[in-house]
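To start, the structure itself, in structure tokens.
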Amino acid sequence: MLLLAIETSCDDTAAAVVRNGSDVLSSVATNQDAFHAKYGGIVPEIASRRHVALISAAVEDALQRAGATLESIDGIAVTRGPGLIGSLVVGVAAAKAYAFASQRPLYAVNHLHGHVFAPFLDRVEEPPYPFLTLLVSGGHSQLVSVESATELSVLGRTYDDAAGEAYDKTARLLGLPYPGGPALDLLAQRGNPDAIAFPRHRPSGDSLDLSFSGLKTSVRYFLESEAGGDATREDVAASFQAAVVDVLMARLKAAYSRAEYKAVALSGGVAANSALQAAFASWARANDIPAFIPPPQYCTDNAAMIAAAAFYQRDAVRADPLTLCADPNLAFPLSP
Ligand code: KG4
Ligand code: ZN
């Protein structure tokens, strides 16, 4: 089953052609960072206008690289939500038009389900159900129990900043360019993670929720203090990163101990983080837990993961090309 997928929920104009939810024949994404960098964050109006300008070329590029045509495609998958409304509308309108013109079925995917299925891409082995996913991106941080392709439940989530948001805001405090996550990751690799003892959030009782706003604020206070003037940016970055990774790993381990999971997975943009990957892999190895981390290009937003989710959830997410609407607040999980 060959799917053409479109993903425009935020600022990446992405298209992909994927066979059977795993074999990626093409995955293209046009990054808009240069247009948003001077504002220090994504400007929704600019994002939707760039999507309008780029979407047709992205789809044609994906088809051509895959050696496919609209006639050889079995269906069209698209991100329906959650995300920026203007951005989503562009992808959904394009997907409806391609599906209607080609008379192929349309599949409407929840963006977060896309992240959950990213570990299925380009894999010999699929994650076995049930597995536990730590989904950490610019907009979301959640622990997701994946019992089957369509039975997902959120065990814990952040009640303030998402992990990626904390990275981006802290990177800004350190004077790093937007998007700050990858730049902070690189800077941290040259610093001492034990240099500064930033606070680790602990939820009350047996909650698996996360919080990062206190950490971000304490980095700001530290930088404004006398000690902050003496510290190197590398040490601040490494110490901040150590605190984020500690909090994420503590919650992941707590969730893992509460049920019989057959595997663990990382997904979302922050899953590309070197320190998180190292901590995750060494814990899984030490405990003999099968662990799945998508290749970096499938951690951050991409269309291949939307094709994967559409393939595995195809019976639940079929949509009408005449009536499908983008939904910026689409609930996660379960709503197709
Ligand atoms: O999944 P994603 O592309 O978009 C959302 O759905 O939000 O995630 C983007 C987020 C940004 O906050 C970015 O700074 C962060 O992922 N990110 C990283 C790294 N690469 C991307 N954060 C830390 N370390 C990285 N290497
Ligand atoms: Zn995302």
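The values are calculated or read from the model by the stated rules, or taken from the named source; none is laboratory data. Everything numeric in this text was worked out from a predicted model, so none of it was measured. As a convention, Cβ positions derive from the backbone with ideal geometry for all residues, glycine included, and neighbour counts pool all protein chains shown. Ligands, DNA and RNA are excluded from the accessible area calculation, which covers all protein heavy atoms including side chains. Shrake-Rupley method; radii C 1.70, N 1.55, O 1.52, S 1.80 Å.
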Test result for Arg157, within 16 Å of ligand 1 (Cβ to nearest atom), farther than 16 Å from Arg314 by Cα, open to solvent by 10 Å² or more (accessible area, probe 1.4 Å) and part of a strand (DSSP E or B): yes
For the stretch 96-109, give me each residue that is more than 14 Å from ligand 1 (Cβ to nearest atom) and either within 30 Å of Gly156 (Cβ to Cβ) or open to solvent by 50 Å² or more (accessible area, probe 1.4 Å) (or both). Ala97, Phe100, Ala101, Gln103, Arg104, Tyr107, Ala108
Mind checking which helices (runs of 4 or more DSSP H) fall wholly inside the stretch 197-256 and carry at least 1 residues that are open to solvent by less than 40 Å² (accessible area, probe 1.4 Å) and farther than 21 Å from Asp168 by Cβ? 233-256
Reported set for the stretch 6-27 where residues are open to solvent by less than 20 Å² (accessible area, probe 1.4 Å) and either more than 15 Å from ligand 1 (Cβ to nearest atom) or of a type in the set (Val, Ile, Thr) (or both) is Ile6, Thr8, Thr13, Ala15, Val17, Val18, Gly21, Ser26
Among the residues of the stretch 110-125, is there at least one that is modelled with pLDDT of 95 or more, of a type in the set (A, V, I, L, M, F, W, C) and surrounded by fewer than 20 Cβ atoms within 10 Å (Cβ to Cβ)? no
Name the pairs: first residue in the stretch 132-158 and acidic (Asp, Glu), second residue outside any strand (DSSP E or B), Cβ to Cβ under 7 Å, at least 6 apart or on different chains? Glu147/Tyr129; Glu147/Pro130
Take the stretch 278-306 and flag every residue that is of a type outside the set (S, T, N, Q), open to solvent by 40 Å² or more (accessible area, probe 1.4 Å) and assigned to a helix (DSSP H, G or I). Ala278, Arg285, Ala286, Pro296
Within the bounds of the stretch 246-257, is there any residue that is in contact with a Ser or Thr (Cβ under 8 Å, 6 or more places away or on another chain), modelled with pLDDT of 95 or more, among the aliphatic types (A, V, I, L, M) and within 16 Å of ligand 2 (Cβ to nearest atom)? no
